[in-house]
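A.B. asks: So that we are looking at the same thing, I have put the structure below in structure tokens.
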Amino acid sequence: MLIKPVSLLEDLHLLADHVTCVRRSAVHILTARHNAWHSTTTNLYRTNAATFTTSSSARWAAERQRKAGTYFEIDEIPSLVFDLAERSLVVTQLNVSPLFKSWNAPQALTLNNIPMTGVEVVNVFSSRNYRESTSGWPVSQGQPDVILGIFEGTELTTSHGRGMLHLERSSVESGGWMSFSVVRTRRANPTHLERIIGELNHLTPERLRVHEVASRFRITSADVLNLLEMAGSPAKGPRSWVEVASIDQIRPLARKQRNDMKPNV
């Protein structure tokens with residue numbers, strides 16, 4: 001799935017929900033390269049690069065874009081994911097190592113005990129705001145290369161530890177089929193992503209009542225109770241407390257149920 005770039009003006013109504021979870025994942029950046037003799041390639045990624053939730057979805061996009069003299073690379077890059085009620089925000093830093101080393105939560109955010117919203121996430125991570133007092137990026141480092149994306153779905157799984165990240169490159173097989181193979185692997189360095197997750201955890205609610213979960217997922221309290229029962233975390237009624245771990249567990253089921261209720265057009 002393509003991760004849509006955030007437009008604060010267009011997506012403001014989508015970003016009003018509170019963040020229920022901050023976690024680590026990885027995105028896949030698709031880049032077209034050229035085989036021309038006198039062309040030069042660069043390993044720097046642009047902030048408008050096409051970003052996908054999975055390698056397979058990036059491959060499909062490459063197939064649709066292929067043309068003579070062009071090959072493609074798909075680079076797996078660690079990212080921060082901020083889960084909202086119905087969608088997720090993805091924050092990816094490009095062209096530096098280690099990632100997010102220079103980002104620090106602004107004091108105005110850390111002193112706040114109210115759960116942060118998607119709008120606040122955009123404000124503190126956006127490269128456009130890096131000179132403002134609300135930004136987490138230091139002015140001395142210059143403007144960072146940052147992608148902020150928004151998507152609905154469950155394809156971005158949570159990453160743990162120091163797993164391997166892959167760079168895939170396309171080639172054309174006999175018969176004209178395009179295939180991808182791994183040309184480089186590197187070990188993820190989650191140090192600063194984990195630090196940020198720890199710094200922002202207190203700005204996400206530790207638990208919500210059933211009726212609050214229902215409101216955020218836009219389903220009924222009865223539906224939430226049924227999903228919790230299915231997930232092995234039963235609750236007694238609409239006023240019962242639900243731990244965030246249980247909310248995250250039923251999130252994909254709630255989204256599927258809400259999508260199934262939408263009328264076919």
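We did not get these values from a lab; they are worked out from the coordinates using the rules stated. Just so we're clear, the structure is a prediction, and the values are computed from it rather than from any experiment. Backbone-built Cβ (ideal geometry, glycine too); neighbour counts: all protein chains shown.
A.B. asks: Express the Stokes-Einstein translational diffusion coefficient of the chain in µm² s⁻¹, to the nearest whole number, given a Kirkwood radius over alpha-carbon pairs, 20 °C and a viscosity of 1.002 mPa s.
C.D. replies: Calculated translational D: 107 µm²/s.
A.B. asks: Note the angle between two axes, namely the Cα long axis of helix 221-230 and the longest principal axis of the Cα atoms of the chain, as a number of degrees from 0 to 90, rounded to the nearest 10.
C.D. replies: 70 degrees
A.B. asks: If packing is taken as the average number of other Cβ atoms within 10 Å across a peptide's residues, how do 56-63, 195-202, 159-166 rank, most packed first? Each step should come with its number before you reach the end.
C.D. replies: Details: 56-63: 17.8, 195-202: 15.6, 159-166: 13.4.
By packing density, highest mean first, the sequence is 56-63, 195-202, 159-166.
A.B. asks: Find the Cα radius of gyration of the stretch 47-187, compare it with 2.2 N^0.38 Å by division, and give the number to two decimals.
C.D. replies: In units of the 2.2 N^0.38 Å rule of thumb, it is 1.23.
A.B. asks: In Å and on Cα atoms, what radius of gyration and Dmax does the stretch 1-124 show?
C.D. replies: My reading of the Cα-based Rg and Dmax gives 17.1, 57 Å.
A.B. asks: Ratio to report: Rg/Rh of the stretch 213-265, with Cα atoms as the point set and Rh obtained by the Kirkwood method; give two decimals.
C.D. replies: Over the Cα atoms of the stretch 213-265, Rg/Rh equals 0.98.
A.B. asks: Same structure, new question: Which order do the peptides 47-53, 79-85, 233-239 take when ranked by the mean count of other beta-carbon atoms within 10 Å per residue, highest first?
C.D. replies: By packing density, highest mean first, the sequence is 79-85, 47-53, 233-239.
A.B. asks: Hey, what do the phi angles of the stretch 157-165 turn into as Karplus ³J(HN,Hα) couplings, whole Hz, using 6.51/-1.76/1.60 and θ = phi - 60°, x for Gly and Pro?
C.D. replies: Karplus-based 3J(HN,Hα) across the stretch 157-165 equals 7, 6, 8, 9, x, 10, x, 8, 10 Hz.
A.B. asks: Student exercise: in the chain, how many lysine pairs 8 or more apart or on different chains have Cα atoms under 27 Å apart?
C.D. replies: Within the chain, the lysine pair count is 5.
A.B. asks: Rounding to the nearest 10 and keeping the result within 0 to 90°, find how far the Cα-based axis of helix 244-261 lies from the longest principal axis of the chain.
C.D. replies: Orientation of helix 244-261: about 80 degrees from the principal axis.
A.B. asks: What is the calculated FRET efficiency for His34 to Asn129, with r their C-beta to C-beta distance and R₀ = 30 Å, to the nearest 0.05? Present the calculation step by step, with values, prior to reporting the outcome.
C.D. replies: Working: r = 34 Å, r/R0 = 1.14.
About 0.30, to the nearest 0.05.
A.B. asks: Please report the orientation-averaged projected area of the stretch 94-154, defined via the convex hull of its C-alpha atoms, in nm².
C.D. replies: Dividing the Cα hull surface by four gives the mean projection, 5.1 nm².
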